[in-house]
Amino acid sequence: MVRLYTTDLNIGYGERLIVKDLSVEIPDKKITTIIGSNGCGKSTLLKAITRIISHQSGTVMLDGENIAQENTKVLAKKMAILPQMQESASGLTVGELISYGRFPYQKGFGRLTKKDYEVIDWTLEVTGTTEFKFRPVDALSGGQRQRVWIAMALAQETDIIFLDEPTTYLDMAHQLEVLELLQKLNIEQERTIVMVLHDLNQAARFADYMIALKNGEIVKAGDCEEVMTPDVLQKVFHIDAHIGRDPRTNKPMCITYNLVKENEHEKAAISNLSTTRLYG
């Protein structure tokens, strides 16, 4: 049974449609990565699925319920999102920031319970941030801050976690640190992880399932072998990619690529049109 899926989803801002008639299933207890060029609708899709923004038509279903009709606190106990641009945590300690993840479970005056403190300490331990508990968030490095924000998402105790470009602005070591943490959460705790990534090779290395978007539509969705192909990458990014194998994971990886010039696209389109006229 698929817990989370969309049907004929249309999302836009004003009259501009960003995501068009998108139907997709998110594999449960797997890592899904979403790839695509800037402005193709990746972040918009994540925001709509997690109800940060409204969709114009179509449905997002979770556990047999339309999320548009779901109680906010109930939904927040099922899915968490770490957006690309986090809100300012100025003046907050790490422990205080993580405590915000306990909001769906708070009642009355919102005082933290013994259970809340136990969950906060657990997330600190899992993300390797226990030593930072009483430090100001602003005093941490980029990689440390990102782990703290992930800890806050974990504090919601959701089965599904969405992350929008969690490695942005991090150096190579910190990028790997964050991605390995998410992989560990998936493997050891069976969390469903859905994340937008710009780096194709990272997306393929850590994913069980990939979704390639272009202009708000799915070009290809499937396992890494199906999505990391020269044909798909040319359609999505306008590149001529050479695909090889990661020697450590045996996952497909982009070794090198050239830009596909516009006139080559035009030639291909004319050739396809001629073939259609002759044989179509």
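The values are calculated or read from the model by the stated rules, or taken from the named source; none is laboratory data. Values in this document were obtained by computation on a predicted structure and should not be read as measured data. Note that we place each Cβ from the backbone using ideal geometry, even for glycine, and neighbour counts take in every protein chain shown. SASA here: full protein model, heavy atoms, side chains in, ligands and nucleic acids out. Shrake-Rupley method; radii C 1.70, N 1.55, O 1.52, S 1.80 Å.
See the values below:
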| item | result |
| --- | --- |
| Failed item, numbered, when D159 is tested on (1) over 19 Å from the mean Cα position of the chain (by Cα); (2) surrounded by fewer than 22 Cβ atoms within 10 Å (Cβ to Cβ) | (1) |
| Long-range neighbours under 6 Å by Cβ, at least six apart or interchain, first residue more than 18 Å from V19 (Cα to Cα) within the stretch 55-68, second among the hydrophobic types (A, V, I, L, M, F, W, C) and open to solvent by less than 40 Å² (accessible area, probe 1.4 Å) | L62/L4 |
| S90 modelled with pLDDT under 95 and in contact with a Pro (Cβ under 9 Å, 6 or more places away or on another chain) | yes |
| Considering residues of the stretch 169-215 that are farther than 22 Å from V24 by Cα and of a type in the set (V, I, T) only, the residue most open to solvent (accessible area, probe 1.4 Å) | I187 |
| Test for S99: is it hydroxyl-bearing (S, T, Y) and either in contact with a Cys (Cβ under 8 Å, 6 or more places away or on another chain) or open to solvent by 50 Å² or more (accessible area, probe 1.4 Å) (or both) | no |
| L92 being among the hydrophobic types (A, V, I, L, M, F, W, C), more than 21 Å from the chain's Cα centre (by Cα) and more than 22 Å from L185 (Cβ to Cβ) | yes |
| Single condition S23 does not satisfy, out of (1) modelled with pLDDT of 95 or more; (2) open to solvent by 70 Å² or more (accessible area, probe 1.4 Å); (3) among the small types (G, A, S) | (2) |
| Residue in the stretch 216-231 that is surrounded by the most Cβ atoms within 10 Å (Cβ to Cβ), counting only those that are within 20 Å of G39 (Cα to Cα) and either touching a Cys at 6+ places or on another chain (Cβ under 6 Å) or β-branched (V, I, T) (or both) | V227 |
| Pairs with Cβ under 7 Å, 6+ apart, first in the stretch 123-150 and part of a helix (DSSP H, G or I), second open to solvent by 10 Å² or more (accessible area, probe 1.4 Å) and basic (K, R) | L124/K133; V137/R145 |
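Here's the yes/no breakdown for (1) over 17 Å from I160 (Cα atoms); (2) open to solvent by less than 20 Å² (accessible area, probe 1.4 Å); (3) β-branched (V, I, T):
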| position | (1), (2), (3) |
| --- | --- |
| T6 | no, yes, yes |
| G12 | yes, yes, no |
| N38 | yes, no, no |
| I49 | no, yes, yes |
| S57 | yes, no, no |
| V74 | no, no, yes |
| I81 | no, no, yes |
| L92 | yes, no, no |
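For every residue, the table says whether it meets (1) under 15 Å from the mean Cα position of the chain (by Cα); (2) more than 20 Å from T167 (Cα to Cα).
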{"site": "Q202", "(1), (2)": "yes, no"}
{"site": "I211", "(1), (2)": "yes, no"}
{"site": "P230", "(1), (2)": "no, yes"}
{"site": "H238", "(1), (2)": "no, yes"}
{"site": "C254", "(1), (2)": "no, no"}
